[in-house]
Amino acid sequence: MDTTKCTALLTILEKGSLSAAADALGYTPSGISRMIDSMEEETGFTILTRSRKGVALTPEGEDMLPLIRGVARAGELYEQSAHRILGLDVGHIHIGTAYFAFYPWLGELIAGFHEQYPAISVDIQEMPSARLAQALDSGALDMAFMSRRDGSHEFRCIRKDPLLAILPPDHPYAKKKKLPAERFSEEPFIQLLPGHETDNAIYFRAHGIHPNIQFTSSDTMSGAAMVAAGLGITTSNGIIAEELGDNVVKVPVDPPALIEIGMGWPLKESLSPAAERFTAYVLAHIDECPLRD
């Protein structure tokens, strides 16, 4: 299997269309289309469906995706290793984060790293912690700033963050020191990031709580706006709650919960040369992180 074709397919999935992938990779849309056609001829079945709504993997394509990622990563590792032998540091690093609060520090890190390794480019993506962990384990990401998750990757805790109840200002518990967890079963609950294994979901499951879900939102700020409007209550990590403004009140949950938030990266044998450089750079500067406890 041609590594270039595998990279093209992954870029199509990341960008959402053949034309966007062509722009990112420097090909024409017809050239990208021919690559996918060639892959499908080699495999003997359709890998990608294309329609006006966008692109999607077929069930057969989903089955092949881990192998396609592995081939693309092997090609990248081969190229980077060859350049390293020649004394050149080149490559591309994919970083993910679940938290806006890391962006200022990440910007400084990337700027400092770019001064030392100008030929290594960096891409940043945002997604929930559970998806970040999966992306690390599959090789789709080289580093992630997230809450701790099980998986085949390394993790370094940067801070332990309290899980907070997010309440409207006139809530009976707004001026109390904690909110009993059973209130989430009794009051209208606004579920954030439905369908994801969030820290909230892990907490509820651990304590046998079945929240009274009345509303859902994939965006924390819109969830906070619904809380402020009196539609219900929700939960959030402290690191996110700091960004929600003064229209809502943040109260620790009871039983209390501390979420380990930090940096995850692939096991050493899975690191590309470029990712190994960046990981070493970040670890050398991690004590400078303003979000540390």
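The values are calculated or read from the model by the stated rules, or taken from the named source; none is laboratory data. All values derive from a computational prediction rather than experimental measurement. For neighbour counting, all protein chains shown are included, and Cβ atoms are generated from backbone atoms with ideal geometry for every residue, glycine included.
Matching residues to (1) within 25 Å of residue 258 (Cβ to Cβ); (2) surrounded by fewer than 14 Cβ atoms within 10 Å (Cβ to Cβ); (3) in contact with a strand residue (DSSP E or B) (Cβ under 8 Å, 6 or more places away or on another chain):
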{"site": "201", "(1), (2), (3)": "yes, no, no"}
{"site": "216", "(1), (2), (3)": "no, no, yes"}
{"site": "224", "(1), (2), (3)": "yes, no, yes"}
{"site": "230", "(1), (2), (3)": "no, yes, no"}
{"site": "237", "(1), (2), (3)": "yes, no, yes"}
What pairs come up if the first residue lies in segment 18-40 and is assigned to a helix (DSSP H, G or I), the second is surrounded by 14 or more Cβ atoms within 10 Å (Cβ to Cβ) and aromatic (Phe, Trp, Tyr), and their beta carbons are under 9 Å apart, counting only those six or more places apart or on different chains? 21/27; 35/27
Can residue 56 be described as hydrophobic (A, V, I, L, M, F, W, C), at pLDDT 80 or above and touching a Lys or Arg at 6+ places or on another chain (Cβ under 6 Å)? no
Taking the stated definitions as given, is residue 30 hydroxyl-bearing (Ser, Thr, Tyr) and either within 30 Å of residue 117 (Cα to Cα) or at pLDDT below 85 (or both)? no
Between a residue in segment 207-218 that is under 14 Å from residue 180 (Cα atoms) and any residue that is surrounded by 14 or more Cβ atoms within 10 Å (Cβ to Cβ) and hydrophobic (A, V, I, L, M, F, W, C), which pairs come within a Cβ distance under 8 Å, given they are 6 or more apart or on different chains? 207/181; 209/181; 209/184; 210/204; 211/184; 211/189; 211/204
The lone condition residue 223 fails out of (1) at pLDDT 90 or above; (2) in a loop (DSSP other than H, G, I, E, B) is (2)
Looking at 135, 165, 140, can you tell me which residue is in contact with a helix residue (DSSP H, G or I) (Cβ under 7 Å, 6 or more places away or on another chain) and under 21 Å from residue 198 (Cβ atoms)? 140
If the requirement is being under 24 Å from the mean Cα position of the chain (by Cα) and at pLDDT below 85, which of these qualifies: 20, 24? 24
Among the residues of segment 29-66, which ones are of a type in the set (A, V, I, L, M), buried (at least 16 other Cβ atoms within 10 Å of the Cβ) and within 23 Å of residue 137 (Cβ to Cβ)? 47, 57, 64, 65
So residue 205 ticks every box in (1) modelled with pLDDT of 90 or more; (2) touching a strand residue (DSSP E or B) at 6+ places or on another chain (Cβ under 7 Å); (3) at negative phi but one. Which box is left unticked? (2)
When you look at residue 267, is it surrounded by 21 or more Cβ atoms within 10 Å (Cβ to Cβ), hydrophobic (A, V, I, L, M, F, W, C) and touching a residue at least 12 places away in the same chain (Cβ under 8 Å), yes or no? no
If we keep only residues of segment 103-125 that are loosely packed, with under 15 Cβ neighbours inside 10 Å and closer than 30 Å to residue 194 by Cα, then the residue modelled with the lowest pLDDT is 123
